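Visitor: Take this structure first; my questions come after.
The values are calculated or read from the model by the stated rules, or taken from the named source; none is laboratory data. Quick caveat: nothing in here was measured; it's all calculated off a predicted structure. Quick reminder, even Gly has a Cβ in these numbers, built from the backbone with ideal geometry, and neighbours come from all protein chains shown.
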Amino acid sequence: MNNNLISVKGVSKVFKVGEENFTALRDINLEIASGSFMSFVGPSGSGKTTILNLIGGLDVPTAGNIFFKNTKLSAMNRNQMAQYRRKNIGFIFQTYNLLPVYSVYENILFPLLLNGSKEKDVRERVMNIINKVGLSDQVKKRPSQLSGGQCQRVAIARALVKDPLLILADEPTANLDSKNSLQILELMSELNQQYKAAVVFSTHDEKVTRYVRREVGLEDGKIISDK
Amino acid sequence: MNWSIAKKNFSRQGLRASLNVLVTALSIIALIFMLSLLNGFQAQATKNVVNTDVGGGHYRAPGFDILSPTEWEDHTVKTPEILMQLDNKDKAEVLVLQGQLYPNRRLYPVQIRGISMEQSLLKLPLNNLKTFPKNIDDLIPVVVGAKMAKKSHLQKGDTLTLKWRDKSGAVDAKDVLIVDVGDMLNPRVDEGVLWLRLDHLRFMTDRKREVSWVAVQNYIGPVPEFEFHPVELLMADLLALWRQDRINSKILWAILMTLVCISVFNTQMLNIFKRQKEIGTLMALGMDSNRIVKIFTLEGCLAAVWALVVALLLGLPFFIWFQGVGFDVSHLSESTLPIRETIYPNYQLMEIIYSLVIVFILIVASSWLPVKKITRLDPTMALRGRAIK
């Protein structure tokens, strides 16, 4: 037993692409500590997104096990897996994946409602985090009315608002210009220290690697560096 | 919470939801309209036959068969007292005999029908016969139907020779005057039928108080020396046609329902297909599959309810307006079907309810089914928009 937040043990993932098998991950072993600020780096097809999806319980490994605080994810059924994501994981996607018909406020409120909170009890908390990501004047706008950088801020606020233990950010700066990318990274770094949630990026953006405290290099589904 | 999410999702989809609802509503209106028009056609034709010929059934002279003209003269009977006592609005005495008309020097075999002028059971355009005196002077007043007039090039005011046999078999002939050309609505009482006053025909053929049948409003029990022919028997040919038509209309209903189903299913599937990423996001946020399915199914219910409301709002004024103007089928006026030139829809509540329930179930099912499928897959597939293709 250990105190790691996430333990990845001998994980492999094989996808079937047509008649062919494609091995996305090969025998991955690693630990992620609470409060980490790290990234998986590597070229396209190296397995960055796959490892994030497996850790986030969005997909299941073909071989090996992933443990969240000593609980084996593969032992969970679909509802338990949904609960695991609901309670512990915040996702930030490259394409933001905001709910299109909801306002900024409602998008950020949504994970709290899913966790059973009443709106009146969490309104202040939502407004606080909106202020922190600098969107206090955009509260009522819908995602279609925001810029890419603003959408990603909403996504960050949505991931953070429920106080998750782990935030998984899949290429969060890929769709943003340099200025917005740096602002987002600074914001995430600041929030990581403030909220103590572990943040794991997948990226091939060099700017990200300058901010993280740990960098795991992937190539052809294998770990080639961990520094 | 599920309800409020579904309501919010639905109400804020804007144009997409509105189009979805509109397409479904228009499909529902088209379905009801087509079915009601078909029902209206049948109901009107049936009503026309009842109003112009059948009434509530016939008390007929035993052995009388409308398909055996050579025997008509042998099957006439005096109207019994029990039928005489019926009110004029409940009975119509009819005497049917053979005759030959000579329009434009051609021989035209006709069915001479004498009908009592006091009756009001059958709705026939014979008012001009009433104005003539009971006694025949030079010309016998007759009315012909519009179809017969057209076919034989006859018109109001024409005089032509009619030949017939009296009760003793003696041949007699006299000129008749066409006092009116009437729209009979029913080809059975139009083509080849020459309408006379009953008293005139009885006088011409020496058949005092005799009839071939008495059409009645309602069956009044057995009457000596008469056979009762119920509506089903008298309209057997038309009802058989309707039965066949019912099968056809069921096929039409199935085709219309299939079209509505395809339209609704297509719209719903497209809607869900475009929202795969949204479903994936909900899964990533930790919403469990059952809840996602419930929310999308509730959205489907809302779409169905709104489609019904819109169908009602758009359809009701249209149906009311159409009930007034009807559907022009004058191109069918040459057919042998007993219909007016305009038919009016006949809205059958149960048929409409069945159709609406099916459409409602379909909308809900087409919301439920694809989402169920998506949520059974890995969330990553939904996030990539590849759960359904």
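Visitor: Mind listing whichever residues of segment B:261-289 are free of Cβ contacts under 8 Å to residues at least 40 places away in the same chain and either of a type in the set (S, T, N, Q) or on the phi > 0 side of the Ramachandran plot (or both)?
Guide: The answer is B:ASN266, B:GLY286.
Visitor: What are the pairs, 6+ residues apart or on separate chains, where a residue within segment B:151-169 that is within 21 Å of B:LEU129 (Cα to Cα) has its Cβ under 7 Å from a residue that is basic (Lys, Arg) and surrounded by 12 or more Cβ atoms within 10 Å (Cβ to Cβ)?
Guide: Qualifying pairs under 7 Å: B:LEU162/B:LYS174.
For every residue, the table says whether it meets (1) aliphatic (A, V, I, L, M); (2) more than 26 Å from A:LEU5 (Cα to Cα).
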site	(1), (2)
A:LYS87	no, no
A:PRO111	no, no
A:GLU124	no, yes
A:LEU135	yes, yes
A:GLY148	no, yes
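Visitor: Looking at (1) touching a Lys or Arg at 6+ places or on another chain (Cβ under 7 Å); (2) at pLDDT below 85; (3) closer than 27 Å to B:VAL49 by Cα; (4) not β-branched (Val, Ile, Thr), which is the one condition that is false for B:ASN271?
Guide: (3)
Visitor: Please give the strands (runs of 3 or more DSSP E) falling wholly within segment B:151-228 in which 2 or more residues are under 16 Å from B:VAL96 (Cβ atoms).
Guide: B:159-165, B:193-197, B:213-216
Visitor: For the subset of segment B:168-200 comprising residues that are basic (Lys, Arg) and modelled with pLDDT of 90 or more, which member is surrounded by the most Cβ atoms within 10 Å (Cβ to Cβ)?
Guide: B:ARG197
Visitor: When you check A:ASN192 against the structure, is it surrounded by 19 or more Cβ atoms within 10 Å (Cβ to Cβ), at pLDDT below 90 and away from chain B (no Cβ under 14 Å), yes or no?
Guide: yes
Visitor: Taking segment A:29-61 as the region of interest, how many residues are within 14 Å of another protein chain (Cβ to nearest Cβ), charged (D, E, K, R) and surrounded by fewer than 23 Cβ atoms within 10 Å (Cβ to Cβ)?
Guide: So the count comes out to 1.
Visitor: Give the residues of segment B:7-50 that are under 31 Å from the mean Cα position of the chain (by Cα) and without any contact (Cβ under 8 Å) to a residue 60 or more places away in the chain, sorted by residue number.
Guide: Correct list: B:LYS47 only.
Visitor: Out of the helices (runs of 4 or more DSSP H) lying entirely within segment A:62-161, which hold 1 or more residues that are closer than 22 Å to A:VAL200 by Cβ and within 13 Å of chain B (Cβ to nearest Cβ)?
Guide: It comes to A:78-88, A:104-114, A:148-160.
Visitor: Moving to a separate point now. Limited to segment B:13-53, what total is found for residues that are modelled with pLDDT under 90, within 30 Å of B:LEU124 (Cβ to Cβ) and among the hydroxyl-bearing types (Ser, Thr, Tyr)?
Guide: The total comes to 2.
Visitor: Considering only segment A:62-77, state which residues are surrounded by 15 or more Cβ atoms within 10 Å (Cβ to Cβ) and without any contact (Cβ under 8 Å) to a residue 60 or more places away in the chain.
Guide: A:THR62, A:GLY64, A:LEU73, A:MET76
Visitor: Does any residue of segment B:60-75 turn out to be in contact with a helix residue (DSSP H, G or I) (Cβ under 7 Å, 6 or more places away or on another chain), of a type in the set (Asp, Glu) and surrounded by 17 or more Cβ atoms within 10 Å (Cβ to Cβ)?
Guide: No: zero hits.
Visitor: A further question follows. Are there strands (runs of 3 or more DSSP E) fully within segment A:175-227 with at least 3 residues that are closer than 13 Å to A:PHE40 by Cα, in contact (Cβ under 8 Å) with a residue 40 or more places away in the chain and among the charged types (D, E, K, R)? List them.
Guide: Per the criteria, A:214-219.
Visitor: Looking at this structure, is B:ASN271 within 14 Å of another protein chain (Cβ to nearest Cβ), under 41 Å from the mean Cα position of the chain (by Cα) and of a type outside the set (Ser, Thr, Tyr)?
Guide: It is true that B:ASN271 is within 14 Å of another protein chain (Cβ to nearest Cβ), under 41 Å from the mean Cα position of the chain (by Cα) and of a type outside the set (Ser, Thr, Tyr).
Quick grid of which residues meet (1) more than 12 Å from B:ALA304 (Cα to Cα); (2) assigned to a helix (DSSP H, G or I); (3) away from chain A (no Cβ under 14 Å):
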site: B:TRP3; (1), (2), (3): yes, yes, no
site: B:LYS8; (1), (2), (3): yes, yes, no
site: B:GLN13; (1), (2), (3): yes, no, no
site: B:SER18; (1), (2), (3): no, yes, no
site: B:THR24; (1), (2), (3): no, yes, yes
site: B:ILE28; (1), (2), (3): no, yes, yes
site: B:LEU31; (1), (2), (3): yes, yes, yes
site: B:LEU37; (1), (2), (3): yes, yes, yes
site: B:GLY40; (1), (2), (3): yes, yes, yes
